[in-house]
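Derivation of every value follows stated rules applied to the coordinates shown; laboratory data play no part. No experiment lies behind these values; they were computed from the predicted model shown. Methodologically, a virtual Cβ is constructed for each residue, glycine included, from the backbone with ideal geometry; neighbour enumeration extends over all protein chains shown.
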Amino acid sequence: MILWHNQRCTKSRQALDLLEDHGIRPKIRAYLHDAPGEDEIRGVLAALRVAPIDMMRPKEKVFKELGLRHDSDPDTLIKAMSKHPELIERPILINGSRAAIGRPTENLLPLITG
């Protein structure tokens, strides 16, 4: 399992605690420092089964600075996430071909309990 993690984020730390409470030590991806490329983001979106906007943090300042909107073209949103990883919602747990956004943290349970 891979956890896209931001140590400064309370929800991300809670997700890591939940995983460790279940005996899971995921590979940590500090995605803010190791930004995913567009193809990787597309793969995670497919695993999440969500639209790009649903994997984003639209309240981030850079979202508005880039002129992004909820109805922006999906490719535009994916490119923005790749260039500005702070736009990616966190945490994201990836387990093979499945993934979940840990907001709320309980969203991760189906990936770790079967």
Here are some residues: 95, 107. Which one is touching a residue at least 40 places away in the same chain (Cβ under 8 Å) and either surrounded by fewer than 16 Cβ atoms within 10 Å (Cβ to Cβ) or within 15 Å of residue 5 (Cα to Cα) (or both)? 95
May I ask you to list pairs of residues, at least six apart or on different chains, whose Cβ atoms are under 9 Å apart, with the first in the stretch 1-25 being touching a residue at least 24 places away in the same chain (Cβ under 8 Å) and surrounded by fewer than 18 Cβ atoms within 10 Å (Cβ to Cβ) and the second being polar (S, T, N, Q) and assigned to a loop (DSSP other than H, G, I, E, B)? 22/113
Candidate set: the stretch 55-82, residues that are surrounded by 12 or more Cβ atoms within 10 Å (Cβ to Cβ) and charged (D, E, K, R); chosen: the one nearest to residue 2 (Cα to Cα): 57
